[in-house]
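The values are calculated or read from the model by the stated rules, or taken from the named source; none is laboratory data. Owing to the predicted nature of the structure, the values given are computational and were not obtained by experimental measurement. Heads up, the Cβs are rebuilt from the backbone with ideal geometry, glycines too, and the neighbour counts pull from every protein chain shown.
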Amino acid sequence: MKLSVVTTLYQSKLFLDRFLDEIEKAIQLIQIEDYELIFVNDGCPEGSLDYLLSLKEEKYPKIKILDLSRNFGHHYAIQAGLKESKGELVFLIDNDLETPPNVLVNFYKTIKEDNTLDVVYGYQNSRKGGFIERTVGSIFWTLINKLSETKIPHNILTERLMTKEYINALLSLNDANLFLGGMMFWVGFNQKGLPIEKGQREGASTYSLKKRADLMLQAVTSFSGKPLVYLFYFGLTLSFFSIMLIIYLIVQKALYLDEVQLGWTSLIAVNVLILGVIATFLGIIGIYLFKVFKQVQDRPNVIIRKTYE
């Protein structure tokens, strides 16, 4: 098979007709007849699956649907779709039409002109959205690259065209804690980015502020041990200044005796501060331990309830 198109299905009913029309036109433009359209239903609650099945029966027989047993998350659904792909080239795209499907044409042209390329991916020159969205996005990518040993280009998009060899290497990582944006660059290979003008999604985004925060936490703790290093040095610094303060108070008490009052308020304040710091440290360490626990459990990242060929 020449090409696999992989996308996820979650609150997608509004976009399916136009997405399928545009992706098929793009595939016709690159003159590929042997292809598959893989949709991964990530526990979609609003009837997208039934509607897609009707479209498959009526108009798009090349659709293949992986119906997951529940909602596992965007990155896990993508991983499931990549595992099922059979194409020599795999095109990954979100179907919300923020990125037009016809970017496939330029991606395909680029990868065919340079046979050393393994991946062509999309990125934004400047983030879309309002001030808060742009600022949060900028902080996210800056923080990831400061903390991670794997450098990730800013403002990368889901959309990318990949060779089967690259896909096999990516899947061989077998991570239980997925941050695909980092994993896709950690594996290396020859990759090239193309700028894409991303549009605005119709309707509300499925990525809430909490989901974005969870993704940032997943990204940092999956690709960097630096937070633990920072904790060590912060604890060391705090211990040093605490010892200096104790020595200072002892000297003051020895020199001035009863003139120096060592009040309970200051002692309680220091104790509360130390307890807060310890709780924070234990929380961060606990996150890393949980990730180890999740990895050694060796459970499948998703469960496929049914496949519609």
Exercise. List the number of the failed condition for G81; all other conditions in (1) within 18 Å of I304 (Cβ to Cβ); (2) outside any strand (DSSP E or B); (3) in contact with a helix residue (DSSP H, G or I) (Cβ under 9 Å, 6 or more places away or on another chain) hold.
Key: (3)
Quiz item: On the given criteria, is I27 buried (at least 18 other Cβ atoms within 10 Å of the Cβ), assigned to a helix (DSSP H, G or I), modelled with pLDDT of 90 or more and not acidic (D, E)?
Solution: yes
Quiz prompt | From D21, D17, residue being without any contact (Cβ under 8 Å) to a residue 12 or more places away in the chain and farther than 20 Å from V119 by Cα | solution = D21
Practice problem: Report yes if some residue within segment 53-70 is assigned to a strand (DSSP E or B) and within 20 Å of the chain's Cα centre (by Cα); otherwise report no. | Solution: yes
Quiz item: Here are E46, E36, E58: which of them is within 19 Å of I167 (Cβ to Cβ), among the acidic types (D, E) and assigned by TED's automatic domain parsing to the domain that holds S85?
Solution: E36
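A quick yes/no check of all residues on (1) of a type outside the set (A, V, I, L, M); (2) in contact with a strand residue (DSSP E or B) (Cβ under 6 Å, 6 or more places away or on another chain); (3) surrounded by 19 or more Cβ atoms within 10 Å (Cβ to Cβ):
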position: K59; (1), (2), (3): yes, no, no
position: I63; (1), (2), (3): no, yes, yes
position: S69; (1), (2), (3): yes, yes, no
position: G73; (1), (2), (3): yes, no, yes
position: G81; (1), (2), (3): yes, yes, yes
position: D114; (1), (2), (3): yes, no, no
position: Y123; (1), (2), (3): yes, yes, no
